[in-house]
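Scroll down for the structure; my scribbles are underneath it.
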Amino acid sequence: MSDLSLHLPDKTKPRILVVDDVSENLHILVGILRADYAVVVATNGPKALELASRLPAPDLVLLDIRMPGMDGYEVLHRLKSDPGTADIPVIFVTALSESADEAVGLRLGAADYVTKPINPELLLLRVRNQLELRVHRRRHHAASLGIDALRREEKPALLLVDDIPDNIHGLAAVLQDDYRIMVASNGARALEVVSGPHPPDLVLLDIIMPDMDGYEVCRRIKATPDGSRIPVIFVTVVDRVVDKVQGFSVGAADYITKPFDIDEVRARIRTHLDLSRLQRSLEDLVDERMASLHEANEALAESKEKYRILAEYSPNWEYWVDPRGDYLYLSPACLEVSGYGPVDFIGDPDLMRKLIHPDDLPIWDAHDERQATPGGYRLPPFRIRARDGSERWIEHVCQPVIDAHGHFLGTRGTHRDVTERVMAEEQRDLAATVFANTSEAVIITDADNRVLTINPAFTEITGYTQDDTFGRPARLLQADQLEPDSHRALWTAVEQTGRWQGEIAGRSKDGHAFIAWITVSTVFRDDRAVHRRVVLFSDITEKKKADNLIWTQANYDHLTSLPNRRLFNDRLEREIKKAQRDSTTIGLLFIDLDRFKEVNETRGHEVGDLLLVEAASRIRQCVRDYDTVARLGGDEFMVILSELQDGTDIGRIAQDIIDRLSRPFELHRDEHFVSASIGITLYPEDGNSISELIKHAERAMYLAKDAGRACFRFFTRALQEGAEERVRLASELRRAIDAGQIELYYQPIIELASDRIVKAEALMRWKHPELGFVSPATFIPIAEDTGTIHDLGEWAFAQVVKQTGQWRNLLGPDIQISLNVSPAQFNTGPQTFQRWIDALRTAGVPGANLVVEITEGLLMDNAPGIRDSLLCFRDAGIGVSIDDFGTGYSSLSYLKKFDIDVLKIDQSFTRNLSPDGADFALCEAIVVMAHKLGLKVVAEGVETAEQRDLLCQIGCDYAQGYLFSRAVPAGEFEALTLRHT
């Protein structure tokens, strides 16, 4: 203790009072601190209070908790109660086993704590933080007031980074009253938030995370300009000293060990937020003072009257240096060129070399070596980096200054800013490079449209060379190359605006025709007279072919070459507008082939396809050239009869179609017979919208079927009874759940590789007390239209969870149940599905036992909240399956954008499977694509062993269909699964 008592503090260093009753601890602490701080020591509480109240008072106190007599808590209480010592920061130095005591100390006013055994680096960091914070609070009271105002104005933002949601939720729950909470479940997401438009004020970061651990996340945050100013505190179970040192080495501000006391966390957060704000305040203050200094230097330079004339009239940067290289004079132009004034260069003779681009330093260094050359010289242009960050090109000329006696007095030189000249030369070279290498053809003509030059792309596209075209009219712009209307439109636009662009037909030197997208621009003289014309064009022949093919595939049925539903709707909309304008009538025929399904199933799909093609041809023969015949899908056709003065001819046309379709179809040397049921609706009598007209025509078609088929019926208002029936069903459906009329059936899904039942699809069945079983195709659309789908969905989910929990024990823990989710259920947002996930956890059923089936259309809608809902499923381990994959108009991009686990091949593909068929190729392509993306594939509608074998051949994972089983009640499914085990 004698050595300690003789230690005299250095009055120029910050003063630290160390309080501990154990001499070994005092020796260790003094040894760590004495190099940087003035250290005084006390071995008990009263002595500590006495030393703290003396002048000069300590700047910081390191205080042990466990001391005889007066413990650390009482010392802290008295220090904070005394106005003279209340602002002295106190850091507890305590044993690792006293974490609860540390939390108590923080609540009493301790600024921080360090644990024993002491880590020197951690101790010095904590001491330095608190000393800086105290100094800056005292010296910059205004900044502190600004911090307090900022606190009142807006809560600081905290980013919580942890791969365990419970950890995030726990911290967020206790911190959200004081802070705005941002969360990230992995390192990549944390980096996105930090680099985003609204970065956090502080980051609480876990260390142990998959893919990217906390050390790497911290290192990357600190490597960014914004992130370098954001304090990062590690919150982790890792407690080794080496791990803490590693954390500080990558830029962490502090380290909190789990389990932690929340008061400790709050104290750490407050400390580092204050330090961060004060640091930024000081940086702003430094910037203001630097700006003031810069203005003072400018004012000083402008006051030098003896060089006023040179400064005013010379745009060049003149200078004169003595033989030692010190500046004797600099003209004010140096400020305009470099952003640095004469004072800057005089104060730092080496500043010019610092400004030169590193790649150009050899030019300047060679100049230094030859500075005394009598004849003087000119340097090639070199680059400097101006104060504003821009690059300027400088041309340097210098001349030695020699007196009458031949003595070298220094060097006089000129820096000339030639940036504009160099950039113009670069632009000229760049333009020449683009002209020579662009894939677009370029023609430059004179005012009379005669070719001056062409680029290589022009020769490549047309075959014409420079010699072929020079001085001759540009053929692409000549009348014989364009339609008369196009030629007039081109030159009218060019003469009026100087510019035209569009599509033209061209012909190459060898006679090959091509289509070009051309842009004509005019270069005018100062007097607005035409100087040059620039023609750019590209060969779009193949693109046009591809576009036409895509348009055809999107708008025409691939089997019959008739317009499909999309094109049919476009044409009907156009015809309705035309009928409104001309006061004419439109007839709409909804045609359904009777007994087609029988032919298709008994004679095979190839015969069925041939019959559809022939039927389409026969229908076309019954209508006029300008009428529209379309195939909506399956055996349904639509006909638009336009420009009718009344509806008298429609019945004749409909009967003609029925008669022609009733004749035998000779296919594969056999005769096949079908008939047609036709529903007819008229515009405007029967409806004003496309959907209404089609709906009424379809109702009339079903009326024809009910009348015995092979006939036609006009829509009548009596058909509204069907709509009324829907209203009745909608009302009864709301009561069906409570009445126990809804039941879940389960259709097995087979693992093809093992022939085992491993999954099932849950399907709703409604057993109406009067109507018997109501088809889901009937009541599900009603439920979606009326909103009852939400109640049905909640009920179905609860049943599936309950049933899955039972089957996990009976059928095995890996049993997986698929549940169809309507797009309407996503409209309520992810909160609905969060309730599902909570219910799963309550029931003890893992998310992996559940798959939600959605449609492609849901993803294509890209409605807000869909992505969040799917993320809820992913985070809970619930699989997501795309039902009826490939049947809609879609973009495969959603497979990357959304978290999808399973694709279900629609039965329309599996129904026609044959080894050499297109459907087999499509199924194989879907399977290969899915496996490449890491997805599983389920084939629906498998009804034959041949289909199953073909699916096995292409590597399909699962299958379901009547070959294996229809949808059955839960008890039957359970027995069926046990038999397959």
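Please treat every number below as a calculation from the coordinates, not as lab data. Source: prediction; values computed, not measured. Counting neighbours? That spans all protein chains shown, and the Cβs are built from the backbone with ideal geometry, glycine included.
Side notes on the structure shown:
- As a proxy for reagent exposure, ranking V535, V937 by other Cβ atoms within 10 Å from fewest up yields V535, V937.
- HN-Hα J in Hz across region 533-548 - Karplus 6.51, -1.76, 1.60, θ = phi - 60°, x for Gly and Pro: 10, 10, 10, 10, 8, 10, 7, 10, 4, 5, 5, 4, 4, 5, 4, 5
- Peptide ranges 420-431, 77-88, 448-459, 255-266 listed from the most packed, as the mean C-beta count within 10 angstrom indicates: 448-459, 255-266, 77-88, 420-431
- Other residues whose C-beta falls under 14 angstrom from the C-beta of V845 contribute a net charge of +1, scoring Lys and Arg +1 and Asp and Glu -1.
- The ranking of F920, F248, F537 from fewest to most other beta carbons within 10 Å of each one's beta carbon is F248, F920, F537.
- Taking the longest Cα principal axis of the chain as reference, the axis of helix 605-621 is set at about 70 degrees.
- Environment charge at P89 (Cβ cut-off 14 Å; Lys +1, Arg +1, Asp -1, Glu -1): +4
- Angle between the chain longest axis and helix 970-980 axis [Cα atoms, degrees, rounded to 10]: 80 degrees
- Over the chain: helical MRE at 222 nm, DSSP H runs n ≥ 4 each giving -39500 (n - 2.57), nearest 500: -14000 deg cm²/dmol
- Read-out Kirkwood radius over Cα pairs in Å, derived from the coordinates shown; its label in (1) 30.7; (2) 34.0; (3) 38.4: (3)
- Residue-wise HN-Hα couplings along region 801-811, as the Karplus relation 6.51 cos²θ - 1.76 cosθ + 1.60 with θ = phi - 60° gives them from phi, are 4, 4, 5, 5, x, 6, 5, 4, 6, 8, 9 Hz; Gly and Pro carry x.
- Neighbour-count order for L922, L933, fewest beta carbons within 10 angstrom listed first: L933, L922
- If you take all other residues with their beta carbon under 10 Å from the beta carbon of H672, and give Lys and Arg +1 and Asp and Glu -1, the sum is -3.
- Nearby aspartates and glutamates by direct alpha-carbon distance to K544 (threshold 15 angstrom, same-chain neighbours under 8 apart not counted): E503
- Phi angles across region 927-939 convert, under the Karplus curve 6.51 cos²θ - 1.76 cosθ + 1.60 with θ = phi - 60°, into 3J(HN,Hα) values of 5, 4, 4, 4, 5, 4, 8, x, 9, 9, 10, 10, 9 Hz, Gly and Pro given as x.
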